[in-house]
Each structure stands twice: as structure tokens, then as C-alpha cells.
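Presented below is the structure to which this report refers.
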Amino acid sequence: MTKRISIIGSTGSIGTQALDIIRNRNSGKDSPDFEVVALSAGRNLERLIDQIKEFRPQYISILNKEDQDTIKELFPEINILKNIEEIAAISKIDIFLSAVVGITGLKANLIALQHAKRVAVANKETLVSAKHLVREYSQKYKSELIPVDSEHVAIHQCLSDHSQSEIHEILLTSSGGPFRTLDKEDLKNVTLQQALKHPKWSMGPKITIDSSTLMNKGLEVIEVNSLFDIDYDQIQVVIHPQSIVHSAVTFVDGNTIAQMSMPDMKVPIQYAIDYPKRYPIELEERFNIFSMGSLDFEFPDTNKFPALNLAYAAGRQGHSFPTALNSVNEAAVALFLEEKIQYLDIAKIIESELNQHKLIKDPCVNTILEIDKEIKERQYFQYK
Ligand SMILES: NC(=O)c1ccc[n+]([C@@H]2O[C@H](COP(=O)([O-])OP(=O)(O)OC[C@H]3O[C@@H](n4cnc5c(N)ncnc54)[C@H](OP(=O)(O)O)[C@@H]3O)[C@@H](O)[C@H]2O)c1
């Protein structure tokens, strides 16, 4: 049966890879596996136009008015919606893939949980900032929430039907990023270009910087807690430079189950779309155990990468702290991407903001967005 899919952030790294999967799966079939109902872009008009020509969605959204007008002229039959929230409200959607970056996806994800059968979330910032709301909406509207992040897809597979009480520990792996082997002193001189070169994964700029500071892993620790309700004391981050084991679960009976695959996001994206079924996939390189060589596992160096501990602390404090952590991180990474601050300032800014943050219990959507706005404006004006 053809599945109806909507993708927000279709022009980004996750979005384009999802469309690669859809193209391959639909190819040569009279009755395609997927119908692309809606696509959305931020600013990449050219890529969105190519995607519209190829996938013929009924609905699109794009940020700028001029871009909307251009699309209306080129494709008069298409419905141009105001924003990603309107895309999320389209009815009869089997899969809503949330592939936008940042807290900008929050409202759309919550709306999608009310309308789509399955919400596949790559947009980890929402899971970090609004765990209680995501859970509440998913339960209330009986929408299936499924991760796209490779580590969480690994944990999802390892957990299978096991309950929380059967879990001893989650081993959340990380490549260690591009600066794993540098001395702390050398991190002072890291440039934007160096930080944007990830050794294993090709991703959007924000998550690439997060991976280099280990904040990405910190956000993922909170994401594990958010998705699987696992206590922070049961989540151990493991540095695994080869990025073959994407995470593992140790159960109370002494069994540890790990998931392995090549470091290629198409594998977890397809899992999130197809679960519980499995279909053939086209990959550049397939997993071959005989060519793996040795696999290494190390403790993370939190002295060198303090962002990881800041994330654990914010996660443990809960309530509005993960929101504040995410917002100040988004602000600091944006400043670093604009070359307004040095690499090591990212963690310093996060720590200073969290030290000032006053906890707000169970923040609602508007409070989360107010906290986000206030933090981002403060950081922006301080460094502009
Ligand atoms: N990339 C990966 O391998 C990977 C792995 C695991 C998790 N994730 C998570 O997946 C999410 C997306 O990451 P990515 O690497 O794909 O990012 P990306 O390449 O930067 O793509 C982000 C997407 O969001 C769109 N966008 C940005 N701001 C927007 C706004 N205000 N309104 C509407 N759309 C907006 C962008 O549009 P334009 O490009 O048109 O401006 C683009 O389509 C992030 O949360 C990330 O942490 C990514």
C-alpha cells in the first residue's frame, strides 16, 4: 500500500537523504511505495524547485514571500502553505518526517502528533526542549513517535519489546568528533572550517559543530531520556571512533545487544520510515564484518569537552533546564558559525547561561518559546 509522507526540512541533509530513499523505492513500480504529499524548505529555493519537479507534492512551504511567489508562478497547481505548522496539520498522513534543525520545529512536531499516524523525528532539539509535551501529545493522540537519529534507532532496535525494568544500561556511542585526539590547549585555535569537517558523518552545519563539542551527544543523552524514559544514571556515553556500533543496551540478565551498520544516515532514516518492516536499500558501502578491523571504545574526556556534562546536568535538573540548554547552544553555535566567537566560547557561554537560569516547572509551548527567544536575544546582542 502506498504511504503518504510529508517532510519538513526536505532541502537539508536528512530531508534529501529521505527523498533519495523514496526515489529508489518508488523506481519502476506501478504502485509506488510512497506518495510525497508535502515538502518544506527554509531558504534553498533552487533545491525545493528540483524536488517539486521530481516528487510533485500537493503542498509546500518556504520561508520567503518572494520564493513563494516564484513557486506559485512555476507550479500554479501547487498549494503553498504559510509555514511548517500548516504542513503538519495536513490530514491522512502516514509518516511525517521532521527534518528541520532547531527549536523552530517544536510547534510543527506537536501539531503533527495530532494528525499523522507516525512522526519520525530527526529534529532532536524538540525532543530535548519539550520532552513532557512530546510525550503528552504522542499518548493523547496515539501517534507513533519514532527516532531518526542513528543512536536512538539503534537503541530502539536493541530494546525491541523489553520493558524499562529489564534495562541495566544504555551505551550511547559517539565518534568523538574531529578533535578527539587534540590536546585541550590546541582547541583554543580551532577554526570554523576545521570544526565543520566531521570525520565520519556528512551533516548540516549546526549538528556538525554540536558533534565537535560533544554537545550533540549531550543532546542525545537527553533524547534517550525523552524517548525511552531511561534514567540519566543508566546512560553511559562511549567514544567509538569507527562509528560502526551505533549504540548498545545491557539488560539486567547480563546480555548486551548492540546494533551495527555503516555510518550512513540512510540506514536509520529508512528504519524510521519502514518500521517494523525491512526492505532492501541502496548504500554506497555495505557492512562487511571482515573489513572492519578493530573497534575501539573509550570514556569521553569531559575535561576537554565540558558540554557533555553540562547537558547531563541540565537533563537531571529537568523542567525548563533542557530548554535553556538547547536555546543557548543554538545561540552559541550560530555565533560561532558567524565567526563572532571562538570555539571554546561555545561551552563557556552555555555554562554561564545555565548558571543564571531560573527553573520553570513543566513549561508550556509558549513559555518554551519565550525562554528560547529571551536567551537568543540576550546572546545575540552581547556578541553582535
Ligand atoms: N544530518 C544528519 O546526519 C543528522 C543526523 C541525526 C540527527 N539530525 C538532526 O536532524 C535535524 C536536521 O539536521 P540536518 O543536518 O538535516 O540540517 P540541515 O542540513 O541544516 O537542514 C535543515 C533543514 O531545515 C530547514 N530549515 C532551517 N530553518 C528553517 C525554518 N526556520 N523554517 C523552516 N525550515 C527551516 C532547512 O531549509 P533550507 O536548507 O532550505 O534553508 C533544511 O531543509 C537536526 O535536528 C539534526 O540534529 C541530523
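Here are a few things to note about the model shown:
- Å² per residue, accessible surface of the chain at 1.4 Å: 46 Å²
- Global size of the chain: 20.3, 63 Å for Rg and Dmax (C-alpha atoms, Rg to one decimal, Dmax whole).
- Applying the criteria of a DSSP loop state and at most 13 other Cβ atoms within 10 Å to the GluC sites (Glu not before Pro) of the range 286-384 yields Glu338, Glu339.
- Beta bridges per DSSP, both residues in the range 152-317: antiparallel share near 65 percent.
- Carbon/sulfur fraction of accessible area - the chain, other protein chains in place, 1.4 Å, %: 49 percent
- Modelled label positions at Ile257 and Ser91, each set 7 Å beyond Cα in the direction of Cβ, lie 3.8 nm from each other.
- Paramagnetic label zone (point 7 Å from Cα along Cα-to-C-beta, Phe299; backbone N under 13 Å) in the range 153-178: none
- Its relative contact order, with pairs defined as Cα atoms under 8 Å and 6+ residues apart, puts the range 3-147 at 22 percent.
- Spatial separation of Cα centroids for the range 205-220 and the range 342-384, in angstrom: 17 Å
- Within the range 178-284, the GluC sites (Glu not before Pro) that combine a DSSP coil assignment with at most 13 other C-beta atoms in a 10 angstrom radius are Glu282, Glu284.
- Loop-located trypsin sites (Lys or Arg not before Pro) in the range 232-294 whose Cβ has at most 12 other Cβ within 10 Å (DSSP): Lys277, Arg278, Arg286
- Inter-centroid distance (Cα atoms) of the range 74-127 relative to the range 1-39, Å: 14 Å
- Share of pairwise Cα separations in the range 3-147, more than 20 Å, in percent: 43 percent
- Charge dipole (debye, nearest 20) of the range 59-201; +1 at Cβ of Lys and Arg, -1 at Cβ of Asp and Glu: 180 debye
- Estimated at 0.36 nm per residue, the fully extended path between Leu283 and Asp50 surpasses their Cα-Cα distance by 81.6 nm.
- Of all DSSP bridge pairs formed entirely within the chain, close to 25 percent run antiparallel.
- The range 132-232, relative contact order in percent, only Cα pairs under 8 angstrom and at least six apart counted: 25 percent
- Helix content alone sets the calculated 222 nm mean residue ellipticity of the chain: runs of n ≥ 4 DSSP H residues at -39500 (n - 2.57) each, divided across all residues, give -13500 deg cm²/dmol.
- Normalised by the number of residues in the chain, the mean separation of alpha-carbon contacts (under 8 Å, six or more apart) gives a relative contact order of 15 percent.
The values are calculated or read from the model by the stated rules, or taken from the named source; none is laboratory data. Keep in mind it's a predicted model, so treat the numbers as computed, not measured. Ideal geometry is used to build each Cβ from the backbone, glycine not excepted, and the neighbour counts take in all protein chains shown. Accessible surface is based on the protein model in full, side chains and every heavy atom, while ligands, DNA and RNA are left aside. Shrake-Rupley method; radii C 1.70, N 1.55, O 1.52, S 1.80 Å.
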